[in-house]
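Note sheet for the following structure.
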Amino acid sequence: PEAEVLKSKLLNLCASYDRGYGSTPSARRRVDDIVTELTDLNPTMDGARGIDGTGTASVPLEGIWRMVWTAAFDVLSLGANPLLACAAIYQKIDPPTAVNIIDLVPRIQSLLPGLPPNVLRAEVTTTAYSRVNMPGRVGLVFNSVKLQPIEVMGMEAGALPPVGVNFPQIPGADGSSGPGYFDILYLDEDMLIYKQSDPGGYFVLTKADDCDP
């Protein structure tokens, strides 16, 4: 099938250019072209179905998704941090909750793998909403952000308290009409591509069994 061929080409590019962090202009254009072609072949036009957790229908987005490419500046800019490097990046969707997970490691650790591992996990928790007459759009309200040490000098650190903050909630505002959302460009059983609202850019994710660090 044409979609499977395109997906294979896309995943090869994702692996070759470090999820977009090490991409060249030519590689970005090739990925852009493939994403455009896959968008035209999207088999799930109602990808936001059941995302608010209120219905009994199956939820196509439910599960754990691992980011393999991004064209979003806010995420690509994390690669410019001189101290921390991005390890795995996930989106865990358990309707109506969607959690963005970023595992961070000291940059020197990625250069000298013999060092005792250190892992810091950042989690941004949102509530997802469906949008009226927009079956492929997911509205979002940001609830909280949390930083949790996972490993410190090679030792499990889950017992250490997390540091976090809850975002203030505006009375009467929800994700059914607010400015935060993403549009699903392509969704099947093992690949998700979506484009976020401000600051823009798209993400390519593949289905994962878990989000263990």
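Scan the stretch 188-200 and report the pairs whose first residue is more than 13 Å from Leu140 (Cα to Cα) and touching a residue at least 40 places away in the same chain (Cβ under 8 Å) and whose second residue is part of a loop (DSSP other than H, G, I, E, B) and acidic (Asp, Glu), with Cβ atoms within less than 8 Å and a gap of 6+ or a chain change.
If the second residue must be part of a loop (DSSP other than H, G, I, E, B) and acidic (Asp, Glu), no pairs are left.
Among the residues of the stretch 22-35, which ones are under 15 Å from Phe203 (Cα atoms) and open to solvent by 60 Å² or more (accessible area, probe 1.4 Å)?
Selection gives Arg28, Arg29, Arg30, Asp32, Asp33.
Inside the stretch 1-17, can you point out the residues that are surrounded by 15 or more Cβ atoms within 10 Å (Cβ to Cβ) and in contact with a Leu (Cβ under 8 Å, 6 or more places away or on another chain)?
Within the stretch 1-17, Ala3, Leu6, Lys7, Leu10 meet the criteria.
From Ala98, Ala85, grab the single residue that is in contact with a helix residue (DSSP H, G or I) (Cβ under 6 Å, 6 or more places away or on another chain) and open to solvent by less than 50 Å² (accessible area, probe 1.4 Å).
Ala85 is the lone residue from the list that is in contact with a helix residue (DSSP H, G or I) (Cβ under 6 Å, 6 or more places away or on another chain) and open to solvent by less than 50 Å² (accessible area, probe 1.4 Å).
Among the listed residues Val204, Val119, Val145, which satisfies the condition of being within 20 Å of Ile93 (Cα to Cα), buried (at least 18 other Cβ atoms within 10 Å of the Cβ) and of a type outside the set (S, T, N, Q)? Please lay out each step first, then the result.
On the way: Val119 fails: within 20 Å of Ile93 (Cα to Cα); Val145 fails: buried (at least 18 other Cβ atoms within 10 Å of the Cβ).
Being within 20 Å of Ile93 (Cα to Cα), buried (at least 18 other Cβ atoms within 10 Å of the Cβ) and of a type outside the set (S, T, N, Q) holds for just one of Val204, Val119, Val145, which is Val204.
Which one of Phe167, Phe182 is more than 17 Å from Lys92 (Cα to Cα) and either within 14 Å of the chain's Cα centre (by Cα) or open to solvent by 40 Å² or more (accessible area, probe 1.4 Å) (or both)?
Selected residue: Phe167, the only one of Phe167, Phe182 that is more than 17 Å from Lys92 (Cα to Cα) and either within 14 Å of the chain's Cα centre (by Cα) or open to solvent by 40 Å² or more (accessible area, probe 1.4 Å) (or both).
Among the residues of the stretch 130-163, write down those that are touching a Pro at 6+ places or on another chain (Cβ under 7 Å) and either of a type in the set (Asp, Glu) or in contact (Cβ under 8 Å) with a residue 40 or more places away in the chain (or both).
Of everything in the stretch 130-163, those that are touching a Pro at 6+ places or on another chain (Cβ under 7 Å) and either of a type in the set (Asp, Glu) or in contact (Cβ under 8 Å) with a residue 40 or more places away in the chain (or both) turn out to be Ile150, Glu151.
The values are calculated or read from the model by the stated rules, or taken from the named source; none is laboratory data. Remember, it's a predicted structure, so these values are computed and weren't measured experimentally. Heads up, the Cβs are rebuilt from the backbone with ideal geometry, glycines too, and the neighbour counts pull from every protein chain shown. The protein model used for the area step is the full one, side chains on, heavy atoms only, and it has no ligands, DNA or RNA in it. Shrake-Rupley method; radii C 1.70, N 1.55, O 1.52, S 1.80 Å.
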